[in-house]
Amino acid sequence: MKGKQAEIICIFGKRGSGKSYLAKQMVKGLGRCVVVDPKREYRGGQVVSHPLELYRAIRGKQSFTAIYRPPYGVDVREHFPWLCKTALHVGNLWFVVDELPKCVDMRKSPREWDELVNEGRHALVRIVAMAQRPQRVSRDLTENANKLYVFRTNEPRTLKYYGDFMDASAIEKVRTLPDHTPFLWAD
Ligand SMILES: Nc1ncnc2c1ncn2[C@@H]1O[C@H](COP(=O)(O)OP(=O)(O)O)[C@@H](O)[C@H]1O
Ligand SMILES: [Mg+2]
């Protein structure tokens, strides 16, 4: 993970572990925030269902919580690049992505998302991204992250992934965490 300039938080844990719950707590305290909500579960913001609608909801505003949900029949992947572009254009906001693997295909992630991950800090775009396993997101993201919230896992491949940067005592903690309790790894 890289230095302090990065503003990227990743949350990893299997289904039901408490990722969205944690993100919902975080979102409450964020003044300027866009949530990408594929499972239609976030509350407490203006719900939008198109990138243009998102743009109208947040441009020129001092503070906002906008919750993007894909319209029925539309794949989030279709709108996601435009959501990224809008976030980068407006700037100075939190971009919270629930179920990232539903939003981008890791093997050919859209240029707009890569740009947000790699250059977003210049526009003060901070990212919170969630996934069940770290292997399901790009190294670009985890290497740029400065905080990881990790829920309990005993999955060898996932532990091996964490082992690339966590020491043995951290790994032991991750293996034995109580339910709904994240382990915070920060650089
Ligand atoms: N810290 C917590 N305290 C109480 N309930 C929690 C906590 N974290 C998660 N839950 C509950 O557990 C269930 C699954 O959590 P959720 O955040 O949806 O998991 P995930 O997003 O990882 O699939 C939800 O019903 C949620 O309310
Ligand atoms: Mg969830």
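List of remarks:
- For the chain, modelled as a GNM whose springs connect Cα atoms under 10 angstrom apart, the maximal fluctuation among 11, 171, 58 occurs at 171.
- Euclidean distance of C-alpha centroids, region 133-179 and region 87-101, integer Å: 22
- Antiparallel beta bridges, as assigned by DSSP with both residues in the chain, represent about 15 percent of the total such bridges.
- For the chain, the dipole from Cβ point charges (+1 on Lys and Arg, -1 on Asp and Glu) about the Cα centre works out to 340 debye, to the nearest 20.
- Additional length obtainable on full extension of the chain from residue 123 to residue 15, 0.36 nm per residue less Cα span: 35.7 nm
- Residue-averaged [θ]222 nm for the chain, counting only DSSP H segments that reach four residues, each worth -39500 (n - 2.57): -10000 deg cm²/dmol
- GNM remark for the chain: springs join alpha carbons under 10 Å apart, and the peak mean-square fluctuation among 135, 46, 62 falls on 62.
- Selected from 83, 93, 52 as most flexible by GNM, with the chain as the system and alpha-carbon contacts under 10 Å: 52
- Relative contact order of region 8-146, defined on C-alpha pairs under 8 angstrom at six or more residues apart (%): 34
- 5 angstrom amide H check on residue 126, placed H, neighbours 5+ away: 93, 94, 95
Any read-out appearing in this document is the output of simple, stated calculations on the displayed coordinates, not a laboratory observation. All of these numbers come straight from a predicted model, not from anything done at the bench. Ideal geometry is used to build each Cβ from the backbone, glycine not excepted, and the neighbour counts take in all protein chains shown.
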